[in-house]
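A quick write-up on the structure given underneath.
Read the figures in this text as sums done on the coordinates, not as results from a lab. Since we're looking at a predicted model, the values are computed, not measured. Cβ coordinates were reconstructed from backbone atoms using ideal geometry, including for glycine residues, and neighbour counts include every protein chain displayed.
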Amino acid sequence: MAELFNLAGKTALVTGASAGLGAHFAETLARAGAAVILAARRAEALAEVAGRIRAAGGRAEEVSLDVSSPTSIAGLEARLAEVDILVNNAGVVVEKPFLEQSGEDWDRVVDTNAKGMFLLTQAAARAMQARGQGGSIINIASILGLRQGAHVSTYAASKAAVIQITKVAALELARSGIRVNCICPGYISTDLNRDFWETEPGKAMIRRIPQRRLGQPSDLDGPLLLLASDASAYMTGSVIVADGGHLTSTL
Ligand SMILES: NC(=O)c1ccc[n+]([C@@H]2O[C@H](COP(=O)([O-])OP(=O)(O)OC[C@H]3O[C@@H](n4cnc5c(N)ncnc54)[C@H](OP(=O)(O)O)[C@@H]3O)[C@@H](O)[C@H]2O)c1
């Protein structure tokens, strides 16, 4: 079974790999045999994750990347030439009531979560086309791209964009052998939301998840390895939800 998800000989680039899910994704892909390129803004945090991967026998390098900067994305061009698997994971959230979210909040969240993955997907797909060996692009959206929650208007809009870009890119890139899919995680405790789970509304939300628990980063290993490997050779434009049943909870 492990053979099914064997990534030996593949190179994966993971954005937002300095923390949270991205760090975990990089470690998971490295354990499956991929050489990983970890990208984010915080050099020290990136070096720590890459060091952990190397200490465990994996292959890892770091690159500085700000996905909200088209110039920074353009600077990755040479690295993209070797990439078989791209994980667009970098993301931010601004939690405020709808009437308090500003134009600057919109720009920060949408530029990072949607425009960044849009431009990086284009750049990676061009490089994959030039190489002629296909590739797998995995976008990390959210259940908030499929359903709404209060105080996350800009985030929900950005994640809905990620899902739709995934589908259109999948349609257009299929004939080049490039697969584009996305994962919609439910709630997983990371720096993005950790404090919230200690509050009463946070505890009440956990009670509304049918499995009555938050997700762990490892709950995404199956979807990640499926989409990264040839085990999903006939999947493109797919939206995989991993949320403990949250989307099915009673209205
Ligand atoms: N945690 C959840 O419950 C959950 C649920 C659904 C979806 N997601 C999605 O999963 C992804 C990862 O979330 P997380 O929970 O792991 O968040 P996190 O712990 O806050 O980590 C976010 C990562 O994104 C990077 N990042 C942020 N802005 C960036 C930029 N402009 N350029 C490059 N990297 C940037 C950060 O690195 P630097 O600060 O070093 O740049 C960091 O590595 C996000 O897309 C998030 O929306 C999370």
For the stretch 54-163, which helices (runs of 4 or more DSSP H) that fit wholly inside it have 1 or more residues that are of a type in the set (D, E, K, R)?
77-80, 103-110, 116-131
So, in the stretch 212-223, exactly how many residues are at negative phi and either among the charged types (D, E, K, R) or over 21 Å from the mean Cα position of the chain (by Cα) (or both)?
3
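On the basis of being surrounded by 17 or more Cβ atoms within 10 Å (Cβ to Cβ) and more than 18 Å from the chain's Cα centre (by Cα), does I73 make the cut?
Working: surrounded by 17 or more Cβ atoms within 10 Å (Cβ to Cβ): yes; more than 18 Å from the chain's Cα centre (by Cα): no.
No; evaluated as a whole, the condition is false for this residue.
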Inside the stretch 80-99, can you point out the residues that are more than 14 Å from the ligand (Cβ to nearest atom) and touching an Asp or Glu at 6+ places or on another chain (Cβ under 9 Å)?
K96
Read through the list (1) surrounded by fewer than 16 Cβ atoms within 10 Å (Cβ to Cβ); (2) closer than 22 Å to V36 by Cα; (3) within 12 Å of the ligand (Cβ to nearest atom), then give the number of the only condition that W197 fails.
(2)
Could you grab me the full set of residues in the stretch 166-211 that are closer than 26 Å to A19 by Cβ, assigned to a loop (DSSP other than H, G, I, E, B) and over 20 Å from the mean Cα position of the chain (by Cα)?
T199, I209, Q211
Identify all residues within the stretch 167-188 that are surrounded by fewer than 18 Cβ atoms within 10 Å (Cβ to Cβ) and either within 10 Å of the ligand (Cβ to nearest atom) or charged (D, E, K, R) (or both); write none if there are none.
K167, E172, R175
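When you check L13 against the structure, is it touching a residue at least 12 places away in the same chain (Cβ under 8 Å) and assigned to a helix (DSSP H, G or I), yes or no? Lay out the reasoning, then the answer.
Values: touching a residue at least 12 places away in the same chain (Cβ under 8 Å): yes; assigned to a helix (DSSP H, G or I): no.
No; evaluated as a whole, the condition is false for this residue.
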Pairs only if they're at least six apart or on different chains, beta carbon under 9 angstrom, first in the stretch 146-157 and closer than 20 Å to T248 by Cα, second exposed (fewer than 15 other Cβ atoms within 10 Å of the Cβ) and of a type in the set (A, V, I, L, M, F, W, C); list them, first residue then second.
L146/L247; R147/L247; A150/F98
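Of G22, G51, which residue is assigned to a helix (DSSP H, G or I), within 16 Å of the ligand (Cβ to nearest atom), out of contact with any Lys or Arg (no Cβ under 9 Å at 6 or more places or on another chain) and farther than 22 Å from L120 by Cα? Show your work before the answer.
Details: G22 fails: farther than 22 Å from L120 by Cα.
Checking each option against the conditions leaves just G51.
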What pairs come up if the first residue lies in the stretch 31-51 and is closer than 14 Å to L76 by Cα, the second is near the ligand (Cβ under 9 Å from one of its atoms) and of a type in the set (D, E), and their beta carbons are under 6 Å apart, counting only those six or more places apart or on different chains?
R41/D66
